[in-house]
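Undergrad: Here's a structure for you.
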Amino acid sequence: MSQTYDDILPRPGFEIDPKRTALVITDPQRDFLSEDGVVWGVVGDSVTANKTVDHLADLLRAAHDAGIPVFVSPHYYYPHDHQWAFGGALEKMMHAVGMFDRKGALDTDGFAGSGADWHEPLKALIEHPNVTVASPHKVYGPESNDLVLQLRKRGIDKVILAGMSANLCVEAHLRELTEQGFEVSVVKDATAGAQLPGGDFYQAALLNFRMIASALLSTDEAVEAMASA
């Protein structure tokens, strides 16, 4: 019988220490997760198949119950961001469709219910005393926001990672946090990705998650681990 990559790659594992561990969620926003979000047409099938929203809610509840701090790394674009002179393919698309748009960093007019707002089923779980919302990242990774600073200032070096979207912001956060010396596990069914003709970008992300993360967990496994920590 031929081997698969799972037969070859080790499984380092991930142990939760509540004093050193955080749940990090990227982009739990309406433009990704709501049926009227601007990219639902390309991510909706994956979000639905993975039960991403339900699983994110499960993770948030489990973290709150266990006293494990939650950090949200959101994605916002302000008018000055639309003055960028260049960008990659997805950046160009996001700007063109108004994804994550806000009127300004200090302006919340029209924010409630917009594509940049939290997805409604998750809102009460995010607007919670246990949650720290980082400043916005601007492309995919946390290099442009204060997530790493916020984690370091809390003495955190272990991260349970989930959110949207799998091959973009989740993978970019995984790579950067790993390079920054964090131990990272990814919750594989609490994310989703675009499905376009000729490519399932969620499946592509899973391959990289397996190679980079210390552990690739299901939501049930992550919830159980938080409850027993």
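The values are calculated or read from the model by the stated rules, or taken from the named source; none is laboratory data. Small disclaimer: the values here were computed from a predicted structure and weren't measured. When we count neighbours, we look across all protein chains shown, and the Cβ atoms used for this are built from the backbone with ideal geometry, even at glycine.
Undergrad: Within region 149-166, identify whether any single residue is farther than 25 Å from G13 by Cβ, among the charged types (D, E, K, R) and either in contact (Cβ under 8 Å) with a residue 40 or more places away in the chain or assigned to a helix (DSSP H, G or I) (or both), and answer yes or no.
TA: Yes, there is a match, as at least one residue in region 149-166 is farther than 25 Å from G13 by Cβ, among the charged types (D, E, K, R) and either in contact (Cβ under 8 Å) with a residue 40 or more places away in the chain or assigned to a helix (DSSP H, G or I) (or both).
Undergrad: Which of the residues spanning region 167-180 are within 23 Å of T219 (Cβ to Cβ) and not in a helix (DSSP H, G or I)?
TA: none
Undergrad: If you don't mind, there's one more thing I want to ask. Return only the number of the condition from (1) of a type in the set (A, V, I, L, M); (2) in contact (Cβ under 8 Å) with a residue 12 or more places away in the chain; (3) closer than 29 Å to R152 by Cα that V47 does not satisfy.
TA: (3)
Undergrad: Right, next: For D7, only one of the following conditions fails: (1) of a type in the set (D, E, K, R); (2) touching a helix residue (DSSP H, G or I) at 6+ places or on another chain (Cβ under 9 Å); (3) at pLDDT below 95. What is its number?
TA: Every condition holds for D7 apart from (2).
Undergrad: Looking at this structure, is G98 on the phi > 0 side of the Ramachandran plot and surrounded by fewer than 14 Cβ atoms within 10 Å (Cβ to Cβ)?
TA: no
Undergrad: Only one residue in A192, A229, A166 is touching a helix residue (DSSP H, G or I) at 6+ places or on another chain (Cβ under 8 Å), crowded, with 23+ Cβ neighbours inside 10 Å, more than 20 Å from D6 (Cβ to Cβ) and among the small types (G, A, S). Which one?
TA: A192
Undergrad: Would you mind finding the one in S144, S218 that is closer than 21 Å to W118 by Cβ, free of Cβ contacts under 8 Å to residues at least 40 places away in the same chain and among the small types (G, A, S)?
TA: S144
Undergrad: Going by what's in this entry, would T26 be described as surrounded by 15 or more Cβ atoms within 10 Å (Cβ to Cβ) and either in contact with an Asp or Glu (Cβ under 6 Å, 6 or more places away or on another chain) or on the phi < 0 side of the Ramachandran plot (or both)?
TA: Here the answer is yes, as T26 does meet what is asked.
Undergrad: Hey, can you tell me all the residues within region 119-139 that are exposed (fewer than 12 other Cβ atoms within 10 Å of the Cβ) and aliphatic (A, V, I, L, M)?
TA: A124
Undergrad: Moving on. Name every residue in region 23-39 that is over 14 Å from I160 (Cβ atoms), among the hydrophobic types (A, V, I, L, M, F, W, C) and not in a helix (DSSP H, G or I), in order of residue number.
TA: Correct list: V38, V39.
Undergrad: Within region 99-134, restricting attention to residues that are of a type in the set (G, A, S) and closer than 12 Å to Y78 by Cβ, which residue is nearest to the chain's Cα centre (by Cα)?
TA: A116
Undergrad: Only one of these is in contact with a Lys or Arg (Cβ under 6 Å, 6 or more places away or on another chain), modelled with pLDDT of 95 or more, surrounded by 15 or more Cβ atoms within 10 Å (Cβ to Cβ) and closer than 22 Å to A192 by Cβ: G37, G44. Name it.
TA: G37 is the lone residue from the list that is in contact with a Lys or Arg (Cβ under 6 Å, 6 or more places away or on another chain), modelled with pLDDT of 95 or more, surrounded by 15 or more Cβ atoms within 10 Å (Cβ to Cβ) and closer than 22 Å to A192 by Cβ.
Undergrad: Would you call A116 in contact (Cβ under 8 Å) with a residue 24 or more places away in the chain, buried (at least 17 other Cβ atoms within 10 Å of the Cβ), of a type in the set (A, V, I, L, M) and touching a Phe, Trp or Tyr at 6+ places or on another chain (Cβ under 6 Å)?
TA: yes
Undergrad: Of everything in region 195-213 that's in contact with a helix residue (DSSP H, G or I) (Cβ under 9 Å, 6 or more places away or on another chain) and either among the charged types (D, E, K, R) or in a strand (DSSP E or B) (or both), which residue is surrounded by the most Cβ atoms within 10 Å (Cβ to Cβ)?
TA: Residue satisfying both the conditions and the ranking: Q195.
Undergrad: Any chance you could count how many residues in region 65-101 are in a loop (DSSP other than H, G, I, E, B) and either touching a Gly at 6+ places or on another chain (Cβ under 8 Å) or of a type in the set (S, T, N, Q) (or both)?
TA: 4
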